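Q: Here you go, one structure.
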Amino acid sequence: MRLDGASALVVGGAGGFGEATVRRLVGEGVRVLVADLAEDKGKALEADLGDAVRFLATDVTSTESVAAAVGAAQELGTLRVVVIVHGGPAAGRRMVNRNGEFYPLEVFRRTTDIFLGGTYNVLSQAAAAMTRNEPLESGQRGVVVMTASIAGFESQVGQTDYAAAKGGVISLTLAAARDLAPTGVRVVTIAPGTFFTPAFRMAEEEAQARWGPGVPNPKRMGHVDEYARLALHIVDNDYLNGEVIRVDGAVRFNV
């Protein structure tokens, strides 16, 4: 996909995966709207990268907030690229604990609303906007890169809400790609394995020592730029569509 004169919307652009992707896109000459709730980080990224980046506080669960982000991205150029990589809460508790107490439905719904509902909210509105683009010579109008997790394939204990949400994103991928095929908008999902991000709230050396040895090859946690490089390849390769790509060093979660 040609990116000259293009803009991108990176939802969760102030986080680990998101920031790395923003920097890669800016390096390709794309102007980027960073949509995130982390205002301090978003504004710092905006200040660091200058006119190439604009930050907008965005709530993925709000139709109006996402509409504002899509509109702001269109002001920067022709919206050709959307990367959905926002984070959110996940309680990390068993469905029923040792005291026989069940996992609250409202917490389950909160997680799925953010990770799955929020992804759909961005996907649907951004795709609708991109369908109004003039098609490129290839017939393509845009691409949406969503983010799942290998937990959507094989989850660990205490991940019922997160696994259900990410499994939903995985299932959404092909259905959305087929729905949008006549419009020239592609949909591809990345399913990361064990990557080091600021969400770990510890030094990278400590995290690598704890989780790195469990990865078959290479024997380390992933680097966020490896996600970003894959996202840029998806943007570039028009024949990637409707696919979920695991990037995980061949790790498989065990109980």
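Coordinate-derived values only; no laboratory data. Fair warning: this is a prediction, and the values are worked out from it, not measured in the lab.
Q: May I ask for the Kirkwood hydrodynamic radius of segment 65-171, worked out over all distinct Cα pairs and given in angstroms to one decimal?
A: Every distinct Cα pair counted, the radius reaches 15.5 Å.
Q: I've got another one for you. Using a Gaussian network model on the chain with a 10 Å cutoff between Cα atoms, which of 177, 209, 38 fluctuates the most?
A: 209
Q: Seen from all sides and averaged, what is the projected area of the convex hull of the Cα atoms in the chain, in nm²?
A: If I average the Cα hull's projected area over directions, I get 13.7 nm².
Q: Taking just the alpha carbons, could you work out the radius of gyration and Dmax for segment 109-238, both in angstroms?
A: Cα-based Rg and Dmax for segment 109-238 come out at 16.7, 49 Å.
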